[in-house]
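Chemist: One structure, as structure tokens, below. Some questions next.
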Amino acid sequence: ILISFSQLKVTIKNIERELICPACKELFTHPLILPCQHSICHKCVKELLLMLDDSFNDVGSDNSNQSSPRLRLPSPSMDKIDRISRPGWKRNSLTPRTTTFPCPGCEHDVDLGERGINGLFRNFTLETIVERYRQAARAATAIMCDLCKPPPQESTKSCMDCSASYCNECFKIYHPWGTVKAQHEYVGPTTNFRPKILMCPEHETERINMYCELCKRPVCHLCKLGGNHSNHRVTTMSSAYKTLKEKLSKDIDYLIGKESQVKSQISELNLLMKETECNGERAKEDAITHFEKLFEILEERKSSVLKAIDASKKLRLDKFQTQMEEYQGLLENNGLVGYAQEVLKETDQSCFVQTAKQLHLRIQKATESLKSFRPAAQTSFEDYVVNTSKQTELLGELSFFSSVDVPEINEEQSKVYNNALINWHHPEKDKADSYVLEYRKINRDEEMLSWNEIEVCGTSKVISDLESNCNYAFRVRAYKGSICSPCSRELILHTPPAPVFSFLFDEKCGYNNEHLLLNLKRDHVESRAGFNLLLAAERIQVGYYTSLDYIIGDVGITKGKHFWAFRVEPYSYLVKVGVASSDKLQEWLRTPRDTVSPRYEQDSGHDSGSEDTCFDSSQPFTLVTIGMKKFFIPKSPTSSNEPENRVLPMPTSIGVFLDYDKGKVGFYDMDHMKCLYERQVDCSHTMYPAFALMGSGGIQLEEPITAK
């Protein structure tokens, strides 16, 4: 018969797991409530902050302070603990005030505010429950008097005002009748002393009397009037107490009413654990069987290969032995020569001729072999080298049997800019539960570093903190339950040569709203100068020349390396892009333009210092021409200026790299991160991204890659 929770006498020992600090794994001691509502020992907070302090000071060691906050923490010196406990504590004189703390309960960084530890509430309720648990655990263990001379006597009462325990004699001595101390509140022996009134940690003289519904914490009236909670919705403490107590009671009643369901689910979990254990052992046995079969095949092949090598070795050694014996016979008094010497001693002519003829042929053959010495066999066993490269690759990919298809990285939708965005697709009929994206840096000498792994639930991921001007390899594999697919084909991406420079089009400096149309986000500009040309058609008989309309970035560059990218619309007639100094821009944007004559046209070369006419001098601007789906490389005295060498297909996206300190600017094909053109530029003034349009055209700034 099942007994309801209300009929059970729940002992305090049944809730032990709720009374353990997530940092030191021991019972709470003076627990503090973090902003995330998790509790942690007062001492553990100090120790963790001390570890953070040491990690910032110990720059030379990357791994010196990577201990998990869930492990037992070392005991720091008291002077350091006191130092970080003071309000306004700083890590050092060069770092900002400490405001964040890694909660070991939820593993998130929480903001402690400017007061740090002193701004946290002490969890007196939890502390009281822990004390009851300690008393139940030690049962007959007595609490000794704090004021007795050694040996101390067993205490009989504890004073809540003095926060001390007394035996009868000491209590009479320190709380005499007729004094103020005689009015102190006392209880039975305890080690848990809590204040009668909860005071505000930010305003230490003010008592808590309100509850902030936004921050979910008690506050005082000063916090509401002019503190951090002035604009927050608050309620009275009695109202908050009533509401929260009703909610908690209702939730507890609901759980108590679901006792049978909970026990049923516990029984189901026990069965699942046993089933998992059995299935795990069975899977291990199956895996061992498969590997043993592989070992048997390898042993058979090993035996066969070794036998073939031994047979070949024996055959060759036999040939060498026979050849060596033949050559030894050519020595004097040995073998063939010795035999021939004995034949020469024959005096009977008939007998000599009968034997000498065959002997002479043998000696002639031996003589020829001396003239062209050739070993009877080869010493190399190149034909017997076992090629295991394919098998090694297959064994390296050896995994569980999987019907999960290999995901494929979408190269068109994957790109790298300020971050890397990797997209992949997977057949809908075999949707995976999760994916693991792996990436690693490829050094210039093609050395491969270890893979970094990130678990992903969707089919795309943004990777940040990649080094500039480096190659990175990316691959992905799918998981369906515990089954893993092979890795996808690797995708190699090259990061920009410098950090990405963020800016928007400037709608104030030189912006001509009659010719240019700028969107609200200020990242796309379109030229609409054609209509004005039609309006001025009456001047066509005297000649009419359109001019470039300039627009620049709203942020300038005064130092360092920077990179930005954009797309030129395919229909664009003529677009110029690059960089220009502040003084040159003032010259361009303030000089009145005569639309009748080309003499003062900005791009005519007559007064602009065009890049086509100033090869040798470093000029304060560099612009390249793009239009009609072509990229035009400016003329250069050091390279061929033939049109076929200067005109390239327009890249989908174009990047600009400015090294301000070295005075160098480069233009890149973003699809392949390849430099198309590079030259020196005078960076003595502030440099701005510069753009110019003529006729119909449009420019879209590349949007930075963000996590969303």
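Chemist: Against the definition (surrounded by 10 or more Cβ atoms within 10 Å (Cβ to Cβ) and modelled with pLDDT under 85), how does residue 201 come out, yes or no? Explain how you work it out, then say what you get.
Modeler: Values: surrounded by 10 or more Cβ atoms within 10 Å (Cβ to Cβ): yes; modelled with pLDDT under 85: yes.
In short, yes.
Chemist: Select from the stretch 692-708 the residues that are under 26 Å from the mean Cα position of the chain (by Cα) and hydrophobic (A, V, I, L, M, F, W, C) and write down the one among them that is surrounded by the fewest Cβ atoms within 10 Å (Cβ to Cβ).
Modeler: 707
Let's see how each residue does on (1) closer than 19 Å to residue 36 by Cα; (2) open to solvent by 80 Å² or more (accessible area, probe 1.4 Å); (3) modelled with pLDDT of 90 or more:
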| position | (1), (2), (3) |
| --- | --- |
| 215 | yes, no, no |
| 221 | no, no, no |
| 231 | no, yes, no |
| 250 | no, yes, no |
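Chemist: How many residues does the stretch 108-160 contain that are in a loop (DSSP other than H, G, I, E, B) and in contact with a Lys or Arg (Cβ under 8 Å, 6 or more places away or on another chain)?
Modeler: Residues flagged as in a loop (DSSP other than H, G, I, E, B) and in contact with a Lys or Arg (Cβ under 8 Å, 6 or more places away or on another chain) within the stretch 108-160 amount to 2.
Chemist: Quick check on my filter: what residues within the stretch 476-529 are within 30 Å of residue 408 (Cα to Cα) and in a strand (DSSP E or B)?
Modeler: 476, 477, 478, 479, 480, 483, 484, 491, 492, 493, 494, 500 - these are the residues of the stretch 476-529 that are within 30 Å of residue 408 (Cα to Cα) and in a strand (DSSP E or B).
Chemist: Of all residues in the stretch 271-330, which are assigned to a helix (DSSP H, G or I), small (Gly, Ala, Ser) and either in contact with a strand residue (DSSP E or B) (Cβ under 8 Å, 6 or more places away or on another chain) or modelled with pLDDT under 90 (or both)?
Modeler: Just the residues of the stretch 271-330 that are assigned to a helix (DSSP H, G or I), to begin with: 271-328.
Among the residues that remain, those that are also small (Gly, Ala, Ser) are: 280, 283, 287, 303-304, 308, 311-312.
Passing the criteria: 280, 283, 287.
Chemist: Out of all the residues in the stretch 469-489, which are more than 30 Å from residue 283 (Cβ to Cβ) and open to solvent by 50 Å² or more (accessible area, probe 1.4 Å)?
Modeler: Result: 469, 471.
Chemist: Does residue 460 count as surrounded by 15 or more Cβ atoms within 10 Å (Cβ to Cβ) and farther than 16 Å from residue 421 by Cα?
Modeler: Taking the combined requirement at face value, the residue does not satisfy it.
Chemist: What tally of residues in the stretch 145-188 results from selecting those that are under 58 Å from the mean Cα position of the chain (by Cα) and loosely packed, with under 15 Cβ neighbours inside 10 Å?
Modeler: Residues meeting the conditions: 4.
Chemist: Which condition from (1) open to solvent by less than 20 Å² (accessible area, probe 1.4 Å); (2) at pLDDT below 75 is the one that residue 130 breaks?
Modeler: Condition (2) is where residue 130 drops out.
The values are calculated or read from the model by the stated rules, or taken from the named source; none is laboratory data. Keep in mind it's a predicted model, so treat the numbers as computed, not measured. Every residue, glycine among them, receives a Cβ derived from its backbone with ideal geometry; neighbour counts consider all protein chains shown. Side chains included, ligands, DNA and RNA excluded: accessible areas come from the protein's heavy atoms. Shrake-Rupley method; radii C 1.70, N 1.55, O 1.52, S 1.80 Å.
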